Each structure stands twice: as C-alpha cells, then as structure tokens.
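Nothing in this text is a laboratory measurement; each read-out follows from the coordinates by a stated rule. Keep in mind that this is a model prediction, so the values were computed, not measured. Neighbour counts run over all protein chains shown; Cβ positions are idealised from the backbone, glycine included.
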Amino acid sequence: MCSSIKVLGIESSCDDTSAAIVSHTQGENPEVLSMVVQNQGTLHEQYGGIVPEIAARAHSDRLDRCTIETLNSAQLNLSDLDCIAVTAGPGLIGGVISGVSFAKGLAAGSGLPMVGVNHLAAHALTVRLTHQVDFPFLCLLVSGGHCQFLAVLSPDDFIRLGGTIDDAPGEAFDKTARQLGLSQPGGPVIEKVAISGNPTKYAFPRPLKNQQGCNLSFSGLKTSLLREKEKIISEEGTISKTRMADLCASFQKAVSESLSQKSQVALKIFEETVGQKPTLFAISGGVAANQMIRKDIEDVCWVNEIKFYAPPLEYCT
C-alpha cells in the first residue's frame, strides 16, 4: 500500500475555476503543494449574479490553463501524480459537466485513476487539510447554495442534523446586496460596508429562533431588510452612507446570531444523535470567511468547552 500520494483536484461547481495538488503521507497532515483559482466575477458583474451558461463556457476555457499552472507551480508532471479528483456535484450542472469532462479526458490521456468528489463532503472535511482531526465532529457548512449542520462520523459518513429551509446564507447576502445596489459577491461587500455601521440599529428578525431543532430560515430576514430600505427611502428620499452601513451591519449581525444560536442547539442534537460530544466544531464554506460569524460561533464553542476550527480564508470558497 502506498504511504504517500499526490492528487490533482479540479473544481468547477460554481463561478471559480480551480485546480490544486495535494500531497498526503500517512500519519501527517496533507500538504497543498500548489493551488490556482481563476475567478469569473467580471464576466457576471453586469448581470447582477452568476449566469450558468457563461460560467460553464468559462470553465471549459480555463481548466487546462489552471491545471498547467498548478503543475508548473508544484514543479510536477502528470506522471508524478497518483490520482485525479474532480467535483462531481452538487453545483451548477454546466460547470460540473465541464470539470468532469476535462478530468475524464485528462485521466484517459495520462492513465491516472479518476475519483468523483461530492463538494459538500469536501467542504466538511476541509478542516483535515490543516489539523489532525478525530471523528466524530460537528460541522456547520455555510455557503452560497447550502447551509447544513453535519455530524461527520468518517470521511464518507455524514448525518444531517438540520439546515436552512429556504435561502442559504450566501444567497441571502447576495440578494440583499442586490437589493441595496451593492456589487457582487454580496457577502464580502456587505461585511466591508458593515464595518462602520451599528449592528443594533435595526431589529431584524432571527427566524425560527424559538422553534425546536437546528433548522434555519433567511428569506424572512431578507424581506425585513427590504421593507426597512423602502421605509428609509420613503422618509428620506435616499439611503445615506450611514444608513447603508447600519443596514448592512444589522443584517450581518442577524445572520450571525441566527447561526450561532442554532449552533448551540446543534451541539445538543449531535450528542443525542451520536451518543457523545463532538471532538470539535468546524465551520466551512464561503460564508465561513465572514469574521463576525467565525467569532460568534467560536464564542459558542468556548462556552461549551468544545474546540473550534475554521479553515484559512483561501480554503473557505
């Protein structure tokens, strides 16, 4: 059995085209030898959101260049690799097909085995790139398209404990930014504008706060902000920079508190479901890059004496 392997990873499930090479030796943490990410933000900016057909075409145009650059950065050839891993879903179907088709061709031409990877499972296991992690652990996966509390029992065994019943947090950030006339992606833009705002200025709801379980909802929160925006415009004619900052700060705080409150519940449900406390609480996904969300959930872990891990920002998206 090989004690050390090098894997080429290919990701194309949304609007980032990415390739990376990871080396793993038994008993040690994996090492990211190289990673290349090509963002499509400028291609979609004029449409106010991601256009799946444009994204798929861009992936097809960029995957070979990403892969070549990744190999060159790691000073490796295809013959030095042991396997090709590719996102096989879920995601925008056109982008997923572009990535899988490219990986199949690369595998056929090189003779390397190919493995399809569920990209949600990959998010949940990201913490294992940087830490020696024992199972079982609790993961909150928060991204543009998903929001789930997962009991991670092994690399291929997960129990969904709860999650959003409507919009994902990243989707709520994007739609809210669009409502406010801000640029995309909405999450980092709202976070930046919120820095100078008052997070308690507007009392936005925390949906499902008093309901049992660790399900979440963000559509009502988004609607509440829209009504507040319309009220401000009706009374003041426009939204000042101060009002905009307060709206963003209050919205961000509502999202963060919703996630942290339900994280407290998820810890209890984990213990009831698995029969023991989690070894740690990890967050992952694009929204896990938000500093307020990271801090609020870390506080929950501190109160419950549970280790908290969040991946480096470059591994969140």
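Structural remarks
- Region 91-244, relative contact order [Cα under 8 Å, separation at least 6], %: 15 percent
- Principal semi-axes in Å for region 235-275 [√(5λ), Cα gyration tensor, largest first]: 38, 7, 4
- For the pair region 21-59 and region 299-315, the centres of their Cα atoms are 24 angstrom apart.
- Kirkwood radius, region 1-129, all distinct C-alpha pairs, inverse of mean reciprocal distance: 15.0 Å.
- For TYR309, TYR47, order by how many other beta-carbon atoms lie within 10 Å, fewest first: TYR47, TYR309
- Region 135-156 and region 103-134 have their alpha-carbon centroids 16 Å apart.
- Average Cα contact separation per residue, region 83-158, under 8 Å, 6 or more apart, as relative contact order %: 25 percent
- Candidates SER284, SER258, SER110: whichever shows maximal mean-square fluctuation once the chain is modelled as a Gaussian network with Cα springs under 10 Å: SER110
- With contacts taken as Cα pairs under 8 Å at a separation of at least 6 residues, the chain carries a relative contact order of 15 percent.
- Reachable aspartates and glutamates from LYS262, criterion Cα separation under 20 angstrom, eight or more residues apart if same chain: ASP166, ASP167, GLU171, GLU271, GLU272, ASP296, GLU298, ASP299, GLU305
- Antiparallel DSSP beta bridges within the chain, as percent of all bridges there, nearest 5: 65 percent
- Antiparallel DSSP beta bridges within region 1-157, as percent of all bridges there, nearest 5: 70 percent
- In plain terms, the residue of GLU236, GLU171, GLU69, GLU191 with the fewest other Cβ atoms within 10 Å comes first and the most crowded comes last, giving GLU236, GLU69, GLU191, GLU171.
- Percentage of interatomic Cα-Cα distances in region 137-315 larger than 23 Å: 39 percent
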